[in-house]
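> For reference, the structure I am asking about is given below.
The values are calculated or read from the model by the stated rules, or taken from the named source; none is laboratory data. These numbers come from a predicted model, not from an experiment. Glycine gets a Cβ as well: all are built from the backbone with ideal geometry, and neighbour counts include every protein chain shown. Remember, those area values only see protein heavy atoms, side chains included, never the ligands or the DNA or RNA. Shrake-Rupley method; radii C 1.70, N 1.55, O 1.52, S 1.80 Å.
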Amino acid sequence: MDPRAVGRWVLRRPPVEWGTALVVLVLLASGLFGGLREVDTDPVRPLVLGAPVTAEPVQLTVEAVYTVTQFPGIPASGDTPEAYPDDPSGGRFVVVEGTVTNTSDATLRSDVLYRLIGLDGDEGGDGDGGAGGFVSRTRPGELVPAADARPALAYTMPEKRALTSAQPGLTYRVAWLFDQSSSRPAPTRLQVAVNEHTWRQDTLDFSYGWKDPEPRARAEVPVGTGRPS
């Protein structure tokens, strides 16, 4: 066949045929490299107790989840009354204990540190499965489900100092305390999530910071009674 005739025939093809041919060539080429791979659209990974999770701007390991009716040993400062209570206002603390390392190059403040951990309900329980009745941090006097709960307090361990900041590169052992009403059953299992933040500019004051906490790892875990030894 005359190559020049073939060339003239190709040039006379309409654009839609060129597009189809291009798609076919891309698919054939991708087959040489394992084909088109499925895109992972779910960033949430399984949470494993004792295993570290990288969730910007930290690396966090959840070690244990348990309930207590008191969290004693919080130090007072001189004659100043304790600003952080030993006793939960609702009658029970759900405690998530673990370690957190600031992997960023700047100091993290409490607005980020308190939102590193989130809760959700017991999918297999009766009623709310002990996953309700958490004291709201934004609506005084109201009780909210676990999914809307926020830590009432967060302390470094074992010295039990308020976790107000985390320095770059340092690792802290932390207890996040969720205040729950003792009028509800103590949970035996809860969904625990490690939240990741996004570095972006604020739309109101245009400052930059870590915002928009979203789960990076999550799992339903057993909830013990009393601090583990």
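> Restricting attention to region 78-128, report how many residues are of a type in the set (Ser, Thr, Tyr), modelled with pLDDT under 90 and under 23 Å from residue 140 (Cβ atoms).
So the first thing to find is which residues in region 78-128 are of a type in the set (Ser, Thr, Tyr), and the list is 80, 84, 89, 99, 101, 103-104, 107, 110, 114.
Of the ones still in play, those that are also modelled with pLDDT under 90 are 80, 84.
Next cut, under 23 Å from residue 140 (Cβ atoms) only: 84.
Result for region 78-128: 1.
> Please tell me if residue 177 is at pLDDT 95 or above, in contact with a Phe, Trp or Tyr (Cβ under 9 Å, 6 or more places away or on another chain) and farther than 19 Å from residue 56 by Cβ. Show your work before the answer.
On the way: at pLDDT 95 or above: yes; in contact with a Phe, Trp or Tyr (Cβ under 9 Å, 6 or more places away or on another chain): yes; farther than 19 Å from residue 56 by Cβ: yes.
Taking the combined requirement at face value, the residue satisfies it.
> For region 137-157, give me each residue that is surrounded by fewer than 20 Cβ atoms within 10 Å (Cβ to Cβ) and touching a residue at least 24 places away in the same chain (Cβ under 8 Å).
Taking region 137-157 first, the residues surrounded by fewer than 20 Cβ atoms within 10 Å (Cβ to Cβ) are 137-145, 147-148, 150, 156-157.
143, 145, 147, 150, 157, listed by residue number.
> Are there any strands (runs of 3 or more DSSP E) wholly within region 158-229 with 2 or more residues that are over 27 Å from residue 139 (Cα atoms), open to solvent by 40 Å² or more (accessible area, probe 1.4 Å) and without any contact (Cβ under 8 Å) to a residue 40 or more places away in the chain, and if so which?
Once the strands (runs of 3 or more DSSP E) in region 158-229 are filtered for at least 2 residues that are over 27 Å from residue 139 (Cα atoms), open to solvent by 40 Å² or more (accessible area, probe 1.4 Å) and without any contact (Cβ under 8 Å) to a residue 40 or more places away in the chain, what remains is 189-201.
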